[in-house]
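A.B. asks: First the structure, then my questions, so here it is.
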Amino acid sequence: MQFSEILGQEYIKSHLTKSADLGRIPHAQLFVGPEGSGTLAMAIAYSQYILCNNKNGENCGENESCNTKFEKISHPDLHFVYPTVSTDEVKKNPKSIDFIADWREFIIENPYGSLFDWYAVLGVQNKQGEIRVDDAQEILKSLSLKSYEGGYKIMIVWMADKLNIAASNKLLKLLEEPPEKTVFILISENEEDIIQTIRSRCQVLNFNGLSEKAIAEALVFDYQTDQKTAYKIAHQAQGNYNKALHLLEEDGEEFPFEQWFVTWVRAAFKAKGNAAAIQDLILWSEQIAGLGRETQKKFLQFCIEMFRQALLLNYETKDLVYLEPKVEKFKLENFAPFVNGNNINDIFKELSDAMYHIERNGNAKIVLTDLSIKLTRLIHKK
């Protein structure tokens, strides 16, 4: 992984390479950044820079055999831990090492891939991924061995906020008493979800969302997109390169969400004073409840963003509106007047509460039906 292949984040690239050149390598670092900002790609490039003893700010040193191993993410001194679930192949006590072939393929295909993309590879269905204590045991086992090339050993913990309590406590002990020449790189989108004792032992690096210019230029250069389309996609991506790639491929990830959202708000709008329309909301709740929990959470997050965009449009800040729904006969400007200062906080609260209960294995059908009935009242609030 070349630093030049990573979009933006010039200050972080410079900081990491210069500190490595000076031999100042912290034993634990936490990379915090939104989806699609390049945290994982940066962690891999930084690991390559350390393990291959590269110099001058780029991964093209004399150690060719070492650099070649990173092309397939197969260096023996680079270890990974990431959220997993039980599958048809691994029915009990799943660990990161059980999915290493899928993981390498996932990174090579798109190092900017999201947690949702990874769950799609695993086929999570109605399960929720996490990093378990078995993974922490594997970390201990991997790092207790001598390094293959006699230098550093690096452990990348992707989505460290998914560590369960038992795994967090085990990792904490390792961070307090790290083996010699060991580097931990924790990656997270939600720093606050990592226990404070782990955060306090890490040097934190904050990644910003990417600029529209950086995303547009990458789309033009790598995918031969015409400039006008590239800038339009970059604007809609809101600093998320992974989202830009999905929009470019038009793989439809957003479209079913839009369709479900429009069906929902239309049914909720009609349901006030119309008992028969409640049946439509119940049918909608059953449909969404049949999806996996991760899809349900991502959809509710999408709903929050749709309401936010409608509010911005209602208050005439069109420059900040980037969503362009593709659902037939649905226009955001027609929906916007129903989202205002009197109901937006309540709508956000209800959606956030629904996400909270689904994350904690609440009955999705009951949670979503309750949310839908509340929306029938809130959407008419002036």
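A.B. asks: Counting only residues that are outside any helix (DSSP H, G or I) and of a type in the set (D, E, K, R), how many does region 269-314 have?
C.D. replies: Residues that pass the stated criteria total 1.
A.B. asks: Here are some residues: Leu313, Leu283. Which one is modelled with pLDDT of 85 or more, surrounded by 14 or more Cβ atoms within 10 Å (Cβ to Cβ), farther than 20 Å from Phe116 by Cα and not assigned by TED's automatic domain parsing to the domain that holds Ala244?
C.D. replies: The match here is Leu313.
A.B. asks: Let me ask you something else. In region 363-381, is there at least one residue being assigned to a loop (DSSP other than H, G, I, E, B) and touching a helix residue (DSSP H, G or I) at 6+ places or on another chain (Cβ under 6 Å)?
C.D. replies: Checked against the condition, which is being assigned to a loop (DSSP other than H, G, I, E, B) and touching a helix residue (DSSP H, G or I) at 6+ places or on another chain (Cβ under 6 Å), region 363-381 yields at least one hit.
A.B. asks: Among the residues of region 124-140, write down those that are in a loop (DSSP other than H, G, I, E, B), within 10 Å of Thr84 (Cα to Cα) and within 18 Å of the chain's Cα centre (by Cα).
C.D. replies: Matches in region 124-140: Val124, Lys127, Gln128, Gly129.
A.B. asks: In region 206-230, how many are assigned to a helix (DSSP H, G or I) and either closer than 16 Å to Leu323 by Cβ or touching a residue at least 24 places away in the same chain (Cβ under 8 Å) (or both)?
C.D. replies: 6
A.B. asks: Given the residues Ser200, Ser168, which is the only one that is on the phi < 0 side of the Ramachandran plot, surrounded by 13 or more Cβ atoms within 10 Å (Cβ to Cβ) and hydroxyl-bearing (Ser, Thr, Tyr)?
C.D. replies: Among Ser200, Ser168, only Ser168 is on the phi < 0 side of the Ramachandran plot, surrounded by 13 or more Cβ atoms within 10 Å (Cβ to Cβ) and hydroxyl-bearing (Ser, Thr, Tyr).
A.B. asks: Only one of Ala43, Ala20 is out of contact with any helix residue (DSSP H, G or I) (no Cβ under 9 Å at 6 or more places or on another chain) and crowded, with 16+ Cβ neighbours inside 10 Å; which?
C.D. replies: Ala43
A.B. asks: Take residues that are at pLDDT 90 or above and tell me which of the helices (runs of 4 or more DSSP H) falling wholly in region 1-105 contain 2 or more.
C.D. replies: Those helices (runs of 4 or more DSSP H) span 10-21, 39-51.
A.B. asks: Can you say whether Ala289 is among the small types (Gly, Ala, Ser), buried (at least 19 other Cβ atoms within 10 Å of the Cβ) and in contact (Cβ under 8 Å) with a residue 12 or more places away in the chain, as far as the supplied structure shows?
C.D. replies: In short, no.
The values are calculated or read from the model by the stated rules, or taken from the named source; none is laboratory data. Given the structure is predicted, the values throughout are model-derived calculations rather than measurements. A quick note on method: Cβ atoms are made from the backbone with ideal geometry, for glycine too, and the neighbour counts reach across all protein chains shown.
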